[in-house]
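For reference, the structure discussed in these notes is given below.
The values are calculated or read from the model by the stated rules, or taken from the named source; none is laboratory data. All values derive from a computational prediction rather than experimental measurement. Because the Cβ atoms are built from the backbone with ideal geometry, glycine has one as well, and the counts that use them run over all protein chains shown. For the accessible areas, the whole protein counts, side chains as well, though only heavy atoms, and no ligand, DNA or RNA atoms are used. Shrake-Rupley method; radii C 1.70, N 1.55, O 1.52, S 1.80 Å.
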Amino acid sequence: MTDTSRFSPPTRQWLKTGEGNFTLRLAGRLDVNTASAALKTIVPELKIRSPLYLAINIEDIHFFDDFGAVVLFELKKQTEDQKGTAEIIGVHKSTQSILDRITFEPDSNETKQTPRSDNFPERLGEATFKFCSNLGYLLSFFGAVLVAVCHVFRQPKRLRLNDMIFQMEKTGVNALPIVGMISFLLGLIMAFMSSIQLKQFGANIYVASLVALAMISELGPIMTAIIVSGRSGSAFAAEIATMKVSEEIDALFTMGFDPVIFLTIPRLFAAIIVVPILTVLSNLFAITGGLVIGVTMLNLTTGSYISQSVEAITLFEILWGLFKSIVFAVLIAWTGCLRGFQARGGASAVGNAATSAVVSSIFLIILFDSVFAVIRSYWW
Amino acid sequence: MEKEKIIQVKNLTVKYGDHTILDSVSFDVYSGEILVILGGSGCGKTTLLRHMIGLETSFSGSVAIDDEMITDKDESQMFNVFQKIGVLFQGSALIGSMTIGENIALPLQEYANLPQRSIQLLIQTKLASVNLLGFDRHLPSEISGGMKKRAGLARAMALNPRILFLDEPSAGLDPVTSAEIDQLILKINHELSTTIVIITHELASIFKVASRIIMLDKSKKGIIAEGDPNYLKEHSENRLVRRFFNRNPDL
Ligand SMILES: Nc1ncnc2c1ncn2[C@@H]1O[C@H](COP(=O)(O)OP(=O)(O)OP(=O)(O)O)[C@@H](O)[C@H]1O
Ligand SMILES: [Mg+2]
């Protein structure tokens, strides 16, 4: 059996048996390989003749499968579309069993998509409802995390220390190069840009205070949090979501572990410990970046730059920055784990979890930062 | 039966690191037969199957499908081979973001080149053949494990391939459904003279469908028996083989 014969469409023979009556004799193969070619040749011929009655004789078809049956079905439909009738004749017993399997109508068009309402108020309502229930889940998960934290404080044995150290390494140590580089460049850019303005007043030295102050109270915590959220928040979500969709979480649960304690607490504590440390390092890197500009382009000495920086910052600023970074760490771990636990479905659910973890944690970080800024400005 | 060799495996040796899984395995699959691969868990059945369909590259030996060496083809050349085969994976491997209907439609839309109405009809037919009518709009995560197996089977045979590879088609199915799958396998084999390579442990289904078996063993890292299961059950010289077929650990 050569490959060409396998792909050649059935031979056709049209017989006119009366006014508007035709017989179509098919011979050869009518199967998966020839179905498309057969349809392409027969349908135009059918359209020309537009029979009132068509008999399709498949006696000489020696190779037939469900694709062939579908072709016959399609020819029948086409004839009926042209107000004719069609009949299949010369059916062997083995062919009949294949044809029998294709007797039902395909429910093609009418139920194609799940009905989606176009009604604007209805959709608005749906979205609001979804948002609220989402918010509810957000809060109840936060509650669950708080309960888990209490449990762990009461029974420190339940904290999986190895997991936590592993997470600290992944979230903290491995993030250091990127945090360091971005902060260094940020310091460089800030110093450079501000120096263009400050130079005009001969106030070069204030570049140092500007960089130090901006980094420690605002940019350091925010930049670090955003990087960590992109690196680790998404990883938390993807990892937990994968465990969720492959029933690993259910397995943990049935083995008597609380999945929240098992998975969330190590990540939460790791984030709370490493994010402030990363923030401090980020500040130092940025100040170094500013220093490079100060020394090379603004004729400042290293000593004067550093002493100006130190003078600008207060202990309160440092603590304020650290406090914020702890809050951000909680937000990152919380949303990351939450989105992971919320995942449902297959592989795409994992991707969605990672995406929405990053989006919601960055949103919350900015939101909380704004709230802190307001609180602070009214407090003074 | 004319004995045209459709798959030839020669001296296949597979190692993962220092760990040899298969050591110089050779056998042929004849056109139109149902070959059952069996052996204890972890003895390398799935590994063997993956090598037979060219999914793995690091090994020595050769595999030919339809006289075409697949072992020295690159990815783009493999597409010709993939057109001839359908594979049911051990874990079903349905695309999670698509419904069951879309999963089956995927190969049909890509290769069958038929009008939409015909494709819909084919999907329904395929679903009906594995008893899943009415589940075409469900996502894989919304159906049971056994149903996933059956949907995967429907997808594997969507294009009526010449060779079907089935990794444990009846794992996780009840005896009745599993017997129905056996019937389906026999029907496909009979009607379309499809060559079928099956991995299975179900004794009942082995005796029912197998034209020939090959049995792998972990300690020998290769084939310990080959032939007709009914004959091997009584007359095999190897104790392991008789134990397996008679379901008796003390033989
Ligand atoms: N990617 C891999 N890396 C390392 N070892 C592997 C890999 N895949 C399989 N193995 C090893 O190869 C051996 C055979 O695995 P395989 O999946 O082929 O078993 P199997 O016979 O299909 O078993 P089962 O009946 O349980 O499905 C196992 O010991 C496994 O540890
Ligand atoms: Mg396996």
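Note on A:Trp14 and A:Glu247: their simple-model spin labels are 5.8 nm apart, each label 7 Å out from Cα toward Cβ.
Geometric descriptor of segment A:159-379, per residue, is 129 Å³ (volume of the convex hull of the Cα atoms). FRET efficiency for B:Asp67 and B:Lys15, Cβ-Cβ distance as r, R0 = 22 Å, nearest 0.05? Approximately 0.20, to the nearest 0.05. Its Cα gyration tensor gives segment A:223-348 an equivalent ellipsoid, and the semi-axes of that ellipsoid, as √(5λ) in whole Å with the largest first, are 42, 15, 9. For the protein assembly as shown, the residue among B:Asn103, A:Ala225, B:Met78 whose Cα projects farthest onto the positive side of the dipole built from Cβ charges is A:Ala225. Among rounded, prolate and oblate, which fits segment A:4-112 when a ≥ b ≥ c are the square roots of the eigenvalues of its C-alpha gyration tensor, a/c under 1.5 means rounded, and a/b larger than b/c means prolate? It is rounded, given that a/c, with a ≥ b ≥ c, falls under 1.5. Counting only other chain Cβ atoms within 10 Å of each residue's Cβ, the peptide A:66-77 averages 4. The mean count of C-beta atoms from other chains within 10 Å of the C-beta of residues in A:32-38, rounded to a whole number, is 4. Legend: translational diffusion of segment B:1-123 by Stokes-Einstein, Rh = Kirkwood radius over C-alpha pairs, 4 °C, 1.567 mPa s; D = 78 µm²/s. Here the calculated FRET efficiency for A:Lys47 and A:His92, from their Cβ-Cβ distance with R0 = 35 Å, stands at 0.75, rounded to the nearest 0.05. For segment A:159-379, the share of accessible area belonging to carbon and sulfur comes to 73 percent (1.4 Å probe, ligands and nucleic acids excluded). Taking Lys and Arg as +1 and Asp and Glu as -1, the other residues whose beta-carbon sits under 14 Å from that of B:Asn103 total +2.
When Rg and the Kirkwood Rh are both derived from Cα coordinates, the Rg/Rh ratio for chain B amounts to 0.97. The chymotrypsin sites (Phe, Trp or Tyr not before Pro) of segment B:11-69 include none that meets both conditions, a loop assignment by DSSP and at most 13 other Cβ atoms within 10 Å of the site Cβ. Within the shell defined by Cβ-Cβ distances under 10 Å, the residues around A:Thr95 carry a net charge of -3, with Lys and Arg each +1 and Asp and Glu each -1.
Calculated on C-alpha atoms, the gyration radius of the protein assembly as shown divided by its Kirkwood radius gives an Rg/Rh of 1.12.
Spatial offset of segment B:69-101 relative to segment A:1-76 amounts to 31 Å, using the alpha carbon center of each.
Of all segments of chain B bounded by trypsin sites (Lys or Arg not before Pro) found in a DSSP loop with no more than 16 other C-beta atoms within 10 Å, the longest spans B:138-217. With the convex hull of its Cα atoms as the shape, segment B:132-181 has an orientation-averaged projected area of 3.9 nm². Only DSSP H runs of four or more residues enter the estimate; each adds -39500 (n - 2.57), and after division by the residues of chain B the mean residue ellipticity at 222 nm equals -10500 deg cm²/dmol.
Near B:Gln90: Cβ cut-off under 13 Å, other residues only, Lys/Arg at +1 and Asp/Glu at -1. The net charge is +2. Each residue of segment B:29-45 was assigned a 3J(HN,Hα) from its phi angle through the Karplus curve 6.51 cos²θ - 1.76 cosθ + 1.60 (θ = phi - 60°); the sequence is 10, 8, 4, x, 9, 10, 9, 9, 9, 9, x, x, 4, x, 8, x, 5 Hz, with glycine and proline shown as x. Under 5 Å between amide hydrogens, built in the peptide plane, is the criterion, and for B:Val87 it picks out B:Phe165 among residues at least 5 positions away or on other chains. Shape index of segment A:158-286: Rg/Rh, with Rg the Cα radius of gyration and Rh the Kirkwood radius from the inverse mean 1/r over Cα pairs, equals 1.18. Only the Cβ atoms of Lys and Arg (+1) and of Asp and Glu (-1) were treated as charged; on that basis the dipole of segment A:4-112 about its Cα centre amounts to roughly 380 debye.
Only Cα pairs under 8 Å and 6+ residues apart enter the sum, and on that basis the relative contact order of chain A stands at 17 percent. Give me the accessible area buried between chains A and B, both sides summed, with a 1.4 Å probe, in Å² rounded to the nearest 100. Counting protein atoms only, the buried area is about 2500 Å². Taking amide H positions as modeled 1.01 Å from N, with prolines and chain starts lacking one, the residues under 5 Å from B:Ile198 and 5 or more places away or on another chain are B:Leu35, B:Val36, B:Ile37, B:Leu166. Counting Cβ atoms of other protein chains within 10 Å of each residue's Cβ and taking the mean over peptide B:120-128 gives 6. Across the cross-link table entries B:Lys5/B:Lys187; B:Lys148/B:Lys208; B:Lys10/B:Lys84; A:Lys83/B:Lys187; A:Lys244/B:Lys149, which are compared at the Cα atoms, the separations over 29 Å belong to A:Lys83/B:Lys187. With contacts taken as Cα pairs under 8 Å at a separation of at least 6 residues, segment A:40-104 carries a relative contact order of 45 percent.
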